[in-house]
1. Scan Ser183, Ser152 and give me the residue that is in contact with a Ser or Thr (Cβ under 6 Å, 6 or more places away or on another chain) and surrounded by 24 or more Cβ atoms within 10 Å (Cβ to Cβ).
2. Quick one: what pairs do we get from segment 537-564, first residue under 22 Å from Asn588 (Cα atoms), second open to solvent by less than 40 Å² (accessible area, probe 1.4 Å) and among the hydroxyl-bearing types (Ser, Thr, Tyr), C-beta under 6 Å, 6+ apart or different chains?
3. In segment 22-32, how many are open to solvent by 30 Å² or more (accessible area, probe 1.4 Å) and either within 13 Å of Leu371 (Cα to Cα) or in a helix (DSSP H, G or I) (or both)?
4. Of all residues in segment 574-588 being part of a loop (DSSP other than H, G, I, E, B) and touching a residue at least 40 places away in the same chain (Cβ under 8 Å), which is surrounded by the fewest Cβ atoms within 10 Å (Cβ to Cβ)?
5. So how many residues does segment 160-188 have that are part of a helix (DSSP H, G or I) and among the acidic types (Asp, Glu)?
6. Pull out all pairs, ordered by first then second residue, where Cβ-Cβ is under 6 Å, the residues are six or more apart or on different chains, the first lies in segment 3-32 and is within 30 Å of Leu388 (Cα to Cα) and in contact (Cβ under 8 Å) with a residue 24 or more places away in the chain, and the second is open to solvent by 40 Å² or more (accessible area, probe 1.4 Å) and of a type in the set (D, E, K, R).
7. Listed residues Leu519, Leu476, Leu501, Leu471; which is surrounded by fewer than 20 Cβ atoms within 10 Å (Cβ to Cβ), closer than 24 Å to Leu264 by Cα and either within 30 Å of the chain's Cα centre (by Cα) or of a type in the set (D, E, K, R) (or both)?
8. Select from segment 504-514 the residues that are hydrophobic (A, V, I, L, M, F, W, C) and either in contact with an Asp or Glu (Cβ under 8 Å, 6 or more places away or on another chain) or open to solvent by less than 10 Å² (accessible area, probe 1.4 Å) (or both) and list them in ascending order.
Amino acid sequence: MKNINSIKSLLLVGGIFLFSLIIKLKGLENFSGENVLSGFDAFWYARLSKEILNGNYLGIDYLRDVPDFSINSYPPPLISLLPVWLSNITGIKLETFFVLIPPITSILFIFPLYFWLKRFAPVHVFIGGAILGIFNLIYFNRTMLGRFDTDSLILFFVFLIFIFITKAVYDREKSYFWIVVSSIIFNLFMWWYNKPIFSFFFLLSLLLGFLINKENLKSILYKVSLFILLTNPLFLIDSIRRYIKGYIDVYVLKQSSQIIPISLMANITELMPIDFNQLIAYTTDNIYTVILSFIGLFLFFYKNFRYMIISLPILIIGITSFWAGNRFVMYLAPFIGMGLGYIFYLLYEIGVKRYSNFKNIFYVFSLFLVLFFSFPAQRIYADPKPLLKNKIWEDFKIVKSSLKENAYLWSWWDYGYILSYALNKGVYVDNGNFNPIKNYFFAHSIIIDDENKSRNLIAFITNNLYKDYGLNLKSLKDTWLLKDKAYLYDKPLKQPVYVVLFGDIMQKSIIHNLGTFGLNLYDKDVASVSVFEKCDNKIGFYDCGLFKLQKENEELTWARQSLKNNPPYKEVIFINRDNSTRKVIYQNENYPYDRMLEIIKDRNELYILIGNRKIKNSILNRMLIFKDSFTNFKIVFDDFPDLVIYEVLK
């Protein structure tokens, strides 16, 4: 009988694994060659893997936070080592593992989940937790093909540690042994995902388990002390001192740095809180099943309180998604699935009491219902693709050889990891470095219209370490003064610098908002772009929706008569990037809103930009849209609208 049960367990867990893997590998044909990464952070971990493989992983990372540079961890992150080990063993190229590791490892958590729940929960609870844990939209997207990031093994380590904490609480004879095992796994977890805050949460799990099960206080003290000692006391101290405060400041209060007027964190998608409707969309996509799930979770937690109390700290992390950010749904979703599974288990129990003759039929049907209602069917239609278009990747290959040695790349933080990976050049800010002054100086340098000041801002940041800025930066006023100081910094650049502009930068409102800080001219008015898109290229004309433009004589025909008589713009400007000319074809200074329409012709294609007229003469608009000539900048690569690069002249 025991062997039969083991075979059933293997078939169940293995079946869910294979079912999930088939769905998660869908779209594999989209990933080939070198352009295979589908997440921003993936570019950093992948770069470290390549450096490890090539033997040039150093203690200092000269491609991050230039010119201050960043310190690399030692040993290197486990996620970056894993593909290197696999590549050395198999001879398969790294890129293959960058693609496959996320979807495969993201399913592994169902094994420790099964063995943890097996002790006290019906199999329905496991199925619901496993399916919704894998297929909730947040976790599914963050662990798809090519999303080479740490998220893929977080739940695996969490539930594995739950197993041994549970053993430490209930197996009193071997309690110290299981604490040692839990600590070893925790340290492996920190090697994979270095967030010391988890030491506090797992310590709380252990403590709650002992207290609820009435462990002797002296024994609790010894065991908890051992756990703290083995998981590194510095982790716990650091998590209490820095991470909890930082968590509240960043995730809950969304506080901005006191030295810039806008919170960079508040504009990061994964840190945006969710509401109940979004939770529904991210999980079962059905309000009734989500409500039932919470009811089931409450009943399951109440009935198995002595076991489930261990999971409470992680459950709380999941609940914080309502005010801390949508990424925390990945911690909540397995518990929602457990609740849904428990509801169907209770219905099965009710059915069996009434119709005992149909026990087996009810059992199979109830398992099917758990699977059916916990699996969001739309995941079947997922079609993952690399983050970068192949065209941009080819651009990188072309431009890489033409950039000067030891050059720095001046760009927005969104693109930092991508640029250091693809071009092997140093970046000032990236997806893990939100230096407020460097971000502000970048935004300000492309929003102002004075190219001398723009060059000087870049030179100041390039030539000076952060500690040598010469001001004790504590307030917005200090930043304003530093900006004025940098305006006058006309010294030659110590390193070659390139301004790298991607097309989507035009519609990043945070850059316009942050960049205008310090400009009295703007008077707090937001200079932003609402539309930047390509027109349909048809035979004899371009169709831009609002109007059509004849190719032969460039005659513009508005779509409606009302637009012809009174276009909703202060200015309509025609720009020909092929010869760097622009002309105003309509102007109405009496129009109440300071809005302009730019019609941009480039290599037989037409584009439109609708935005605030105050950006017309900005460095950004002149570089990316107009392809202007400058005294301090020289265009070195132009693949409008995707990628434009200017060299900063010394």
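The values are calculated or read from the model by the stated rules, or taken from the named source; none is laboratory data. Note that this is a predicted model, so its numbers are computed, not measured. Cβ atoms come from the backbone with ideal geometry, glycine included; neighbour counts cover every protein chain shown. With ligands, DNA and RNA removed, areas are computed over all heavy atoms of the protein, side chains included. Shrake-Rupley method; radii C 1.70, N 1.55, O 1.52, S 1.80 Å.
1. Unique residue meeting the criteria: Ser152.
2. Correct list of pairs: Leu549/Tyr542.
3. Of the residues in segment 22-32, 4 are open to solvent by 30 Å² or more (accessible area, probe 1.4 Å) and either within 13 Å of Leu371 (Cα to Cα) or in a helix (DSSP H, G or I) (or both).
4. Per the criteria, the residue is Ser580.
5. Count: 1.
6. Gly27/Asp383; Asn30/Lys385
7. Result: Leu476 is the single residue among Leu519, Leu476, Leu501, Leu471 that is surrounded by fewer than 20 Cβ atoms within 10 Å (Cβ to Cβ), closer than 24 Å to Leu264 by Cα and either within 30 Å of the chain's Cα centre (by Cα) or of a type in the set (D, E, K, R) (or both).
8. Ile505, Met506, Ile511, Leu514 - these are the residues of segment 504-514 that are hydrophobic (A, V, I, L, M, F, W, C) and either in contact with an Asp or Glu (Cβ under 8 Å, 6 or more places away or on another chain) or open to solvent by less than 10 Å² (accessible area, probe 1.4 Å) (or both).
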